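Enquirer: Below is the structure I would like to discuss, written out as structure tokens.
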Amino acid sequence: MRLELRHVTKRFGDFVANDAIDLVVEPGQIHALLGENGAGKSTLMNVLYGLYAADGGEIRLDDKPQHFAGPGDAMAAGIGMVHQHFMLVPVFTVAENVVLGQEPTGALGMINVKKARNFVTEISNRFGFDVDPDALVEDLPVGVQQRVEIIKALSRKAQILILDEPTAVLTPQETDELITIMRGLKESGTSIIFITHKLREVQDVADQVTVIRAGQVIGTVPPTTSQTELAEMMVGRAVDLAVHRTEHTAGAVALSVKDLTLLDPEGRAVLDDISFDIAAGEILAVAGIQGNGQTELIETLVGLHKPSAGTITLQPPAGPAQELAGRSVKSILAAHVGYIPEDRGKDGVVQGFSIAENLILDQVGGPPFSSHGGLKMKAIADNAAKLVEEFDVRAGSAHASLSQLSGGNQQKVVVARELSRDLAALIVAQPTRGVDVGSIEFIHSRILEERGKGTALLIVSTELSEVTALADRIAVMFRGRFMGIAPAGTSRNVLGLMMAGVEYEDALAQGARGGTPTSQSEHDGGAEWVS
């Protein structure tokens, strides 16, 4: 099926989100839609999927004009969409989610559960998805949940599949698996519109790339176009894709963790005797395949979990050392600890609050934003105006609801809030997840600026290139333990061996002999590390 968008325009009040956009997607083609956060990519696809009504232009399928009153019309025409935030019912099984709204029924109108399971199994086997139809969605990893969304779309006979930022919450291994799935769908004749801002993925899988900036098409180019050119088309200026770290001397130990252990309700060690020190003005980055205890480490450090054993000691530049283990999140943040969570939607922002309110979430207990139990609205507004400009948050107004921002701009709000505070330590998880290249450049520079101020930083990232670019030292986690702490400049091969469960000294020896990581056990999802 051939898709053509002609001069599609979408406005929200005076704001033009899509300005006379033209786009052609050929049958069996993977067409990447590339652009910054807030460029208008998702808005355009929401118009195509019938969620928004266009204010101008037309949609044509096989040269026939289409008029979609809603998603039902789009699905009936052969268009499916997998949203960045999944539309699944967590307490339902995979089969129940896939057939929701089109349930196969038997006698007396009862749902035919066997037929629903077989339906899912047939699609899963055909495309190599390996999804259990009886599994509860809430028990599935994010990558598998995404496969369920794709199965849902294919079950409705989608010939054009829209994937909206599909890799924003995936590990590198899950991303590689998704790319394999996309290639298989293409071979079966399905057209894919791949919305992203990740240049490597575009070059890996796309047949054509259309770049959108500020609601307008900048151009359609082949995927062989260099990353530097693509980034400049996206941002409208030259983007330095390299991270420039300056050498400097770290200070005294500012954050010290000794023998940290966390047990789950069954008594198993989620964190197993973790110890490390971070000096003032040093970045310790934690690498590893997701699910090996990194999330629990971060959450224990900021008070979301009470450790079963061990100490967490903060030594601020002035004043006595403070023990943080067992204290509340509020108390730890008040001790000049910043926290950028891995799931901003769950732990970093309040969607129904304004941007200005989100910028002071952890600072409303006293001056300068409140006094005698009341909020000081001018101080809040002035703070928001300053930070929105300083951190380039793309918003019509700082008083607008945060929910109106793209994911990348929401991340900027979290980063702006935490880095505007006076910090002794900063705990960061996935700092650039779901963020475009221009914003990645900015966030990395601000992290390094914080390092230069003498803040101790712990950064957890599943992006190995980000870890190696930012870190002064690199710790690798495997099944709740540190495999060792390696110096900056350690090869990807050695780090990969450590990610597969090899201790640092042994990884060094194997790396010198040319050894390569194979795979983790089923416990870790069977993920394979590839350099």
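Enquirer: How many angstrom lie between the Cα centre of the range 1-53 and the Cα centre of the range 297-344?
Expert: Cα centroid of the range 1-53 versus Cα centroid of the range 297-344: 44 Å apart.
Enquirer: Just want to confirm a number: the relative contact order over the range 3-235, from Cα pairs under 8 angstrom separated by 6+ residues, in percent.
Expert: 29 percent
Enquirer: Cα-based Rg of the range 55-169 per 2.2 N^0.38 Å, rounded to two decimals?
Expert: 1.15
Enquirer: For the range 162-249, what is the Kirkwood estimate of the hydrodynamic radius, computed as the reciprocal of the mean inverse distance between distinct Cα atoms, to one decimal in Å?
Expert: About 14.6 Å for the range 162-249.
Enquirer: How charged is the neighbourhood of Arg394? Take every other residue with its Cβ under 14 Å from the Cβ of Arg394, and add Lys/Arg as +1 and Asp/Glu as -1.
Expert: Residues near Arg394 contribute -2 overall.
Enquirer: Any idea what diffusion coefficient the range 349-421 gets from Stokes-Einstein, in µm²/s, Kirkwood Rh on alpha carbon pairs, 4 °C, 1.567 mPa s?
Expert: 108 µm²/s
Enquirer: Determine how many Å³ per residue the convex hull of the Cα atoms of the chain encloses.
Expert: Roughly 175 Å³ of hull volume per residue.
Enquirer: Using square roots of five times the C-alpha gyration tensor eigenvalues, list the equivalent-ellipsoid semi-axes of the range 3-235 in whole Å, biggest first.
Expert: Taking √(5λ) for each Cα gyration eigenvalue gives 31, 21, 15 Å.
Enquirer: Right, another one. Give the dimensionless ratio obtained when the Cα radius of gyration of the range 237-286 is divided by 2.2 N^0.38 Å.
Expert: After normalising by residue count via 2.2 N^0.38 Å, the value is 1.78.
Enquirer: Please give the contour-minus-distance gain from Asn112 to Thr311: 0.36 nm per residue of separation, less the Cα-Cα distance, rounded to one decimal in nm.
Expert: The Asn112-Thr311 span can extend by a further 66.2 nm.
Enquirer: Could you work out how far helix 437-452 tilts from the main Cα principal axis of the chain, as a 0 to 90 degree angle to the nearest 10?
Expert: That helix lies at roughly 10 degrees to the long axis.
Read-outs throughout are calculated quantities, based only on the coordinates presented, and are distinct from any laboratory measurement. This structure is a prediction, so every number in the text was calculated from the model and none was measured. Note: ideal-geometry Cβ built from the backbone for every residue, glycine included; neighbour counts use all protein chains shown.
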